[in-house]
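Presented below is the structure to which this report refers.
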Amino acid sequence: MESIGLYQLNCLVKRELKNRFSDSFLVVAEIADVKENRSGHCYLELIEKREEDDAIIATARATIWSFTYRMLKPYFETTTGKSLQKGIKVLVKAEIVFHELYGYSLNIKDIDPTFTVGDLERKRKEILDRLTQEGVIDMNRELEFPMLPKTIAIISSPTAAGYGDFVDQLHRNAYGYAFHTKLFPAVMQGEKTTESIIAALERIYEYESLFDVVVIIRGGGSQTDLGSFDSYELAANVAQFPIPILAGIGHERDETIVDRVAYRSVKTPTAAAAFLIECFHEVDALLEEAKESLTRETKRILQEEKTRQVVKITEFKQFTRLFLEGQANKLVLSSRRVEHASQLFIRNRMSGFEQLGVKVEGKLGVLFDRQKSRLEDIQKTLARKTTEVFTANRYVLELAETKMKYADPKNILEKGFSITRVNGKAVRETGKVKKGDMLETELFKGVIRSEIKDIETNV
């Protein structure tokens, strides 16, 4: 057999391939590597994997010349929202090229972006189904979001414009709310994005108790760099993270898987800041409403208590008046009974003595006159004593009535005294109150409300 040179052999292969495979082919493959040179050409490494174990079963070099690439690139990125990048599947129209020096390759003439979109959606669905089957897809969404998220862990590139916008809006909010932020730097685009964000989450997890919320900020990057946010690894970490996560990765179109599993997704970093500020504003509104409600309820209770006290005072006055009137009537009746009994007694004794005097008038005239004089003195004494008793009892009644008058809280208040209450009860000693209690001091005209700042006890 006659030998031939390698170049001659390659020429034979080239001629044979051109004769046998002159037409273009539709080829399905996965991009393993992609490079653009200064001339505008795009060089790809295509592979095919076995479905069972993802083992590579075929490889091929491919080229998209600059003229074709300038047309295909914007169309592909606009349709898919992604650039030609490692890990995505493509459907290309290509012709077989064989070069004597460089060997076999594919010359890509066209790319069908709808195939890639469909494949990406299939992968997204597979990832979402997997997260659902594992029972973790809604774990972060089901966490209780803090009413006042004050301490915030931020995952972002320190040079990202979105990070600066977020921090500026947060700390310069119009309401003066105070936030504490801590940056955990991470790569936010490119092949290392997933690995970098997961590493940042792991660092935050070490200080879990210090943070109320985690914010992932990208912002300002290309819409075609979102592939990392559709990875299962990153989505699984976000979904199972024990702190609520806000995703503000700066895109307006398709929802990424990270957006789906995070506690809340917003379009931009500034929207994330606005959401946190609004949380504080809502609490402020609730507190203001509670304050107004408490004020109204306090006024109502005080008015009811005032009315109740007025009713009690009125009832007490009526009872006292009736009691005093009853006692006065009893005293008048008793004095009259005593006076009548005294007069009756004197008349009886006088009658007896008059009869005795008639019998012994002659003999006991002097004695009779003496006894008569004594009886008259007794009569005068009894009358005087009766008057004194009546006068004394009337004085006691008048004194009691005066004391009741002066015991009226309104009269006491009018003299410059006051009544201090806590929770509606009068305060008589410092041991019944504490710092921070609200005092209500009733004056003759008006009520003063104050808060206890200090207590001094006199022993």
Residue within the range 80-88 that is assigned to a strand (DSSP E or B) and at negative phi present = no
note = From the option list 359, 385, 380, single residue qualifying as modelled with pLDDT under 75 and outside the structural domain of residue 442 (by TED's automatic domain parsing) is 359
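Residue-by-condition table, conditions (1) of a type in the set (Phe, Trp, Tyr); (2) touching a Pro at 6+ places or on another chain (Cβ under 8 Å); (3) over 21 Å from residue 103 (Cα atoms):
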{"residue": "2", "(1), (2), (3)": "no, no, yes"}
{"residue": "19", "(1), (2), (3)": "no, no, no"}
{"residue": "34", "(1), (2), (3)": "no, no, no"}
{"residue": "52", "(1), (2), (3)": "no, no, yes"}
{"residue": "65", "(1), (2), (3)": "yes, no, no"}
{"residue": "70", "(1), (2), (3)": "no, no, yes"}
{"residue": "79", "(1), (2), (3)": "no, yes, yes"}
query = Can you tell me which residues in the range 86-115 are within 20 Å of residue 41 (Cβ to Cβ), loosely packed, with under 15 Cβ neighbours inside 10 Å and under 47 Å from the mean Cα position of the chain (by Cα)?
reply = 86
inquiry  = Name the single residue that is nearest to residue 113 (Cα to Cα) among those in the range 40-58 being modelled with pLDDT under 90 and not aliphatic (A, V, I, L, M).
reply    = 48
note = Of (1) modelled with pLDDT under 90; (2) part of a loop (DSSP other than H, G, I, E, B); (3) surrounded by fewer than 22 Cβ atoms within 10 Å (Cβ to Cβ), residue 165 fails just (2)
key: Contacts under 7 angstrom Cβ, first residue in the range 170-197 being part of a loop (DSSP other than H, G, I, E, B), partner surrounded by 18 or more Cβ atoms within 10 Å (Cβ to Cβ) and among the aromatic types (Phe, Trp, Tyr), 6 or more apart   = 175/280; 177/280
ask   = What do you reckon, is residue 71 outside the structural domain of residue 256 (by TED's automatic domain parsing), of a type in the set (A, V, I, L, M) and part of a helix (DSSP H, G or I)?
value = yes
task = Tell me, yes or no, whether the range 266-279 has at least one residue that is over 22 Å from the mean Cα position of the chain (by Cα), aromatic (Phe, Trp, Tyr) and either modelled with pLDDT under 90 or not in a loop (DSSP other than H, G, I, E, B) (or both).
result = no
key: Residues (surrounded by fewer than 20 Cβ atoms within 10 Å (Cβ to Cβ) and among the polar types (S, T, N, Q)) located in the range 144-162   = 151, 159
ask   = Any chance the range 391-405 includes a residue that's surrounded by 10 or more Cβ atoms within 10 Å (Cβ to Cβ) and either assigned to a loop (DSSP other than H, G, I, E, B) or modelled with pLDDT of 80 or more (or both)?
value = no
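Condition (residue is modelled with pLDDT under 90 and more than 19 Å from residue 158 (Cβ to Cβ)) applied to the range 196-206: is it met by at least one residue?
no
The values are calculated or read from the model by the stated rules, or taken from the named source; none is laboratory data. This one's a predicted model, so the numbers in the text were calculated from it and none came from an experiment. Cβ: placed from backbone, ideal geometry, glycine included. Neighbour counts: every protein chain shown.
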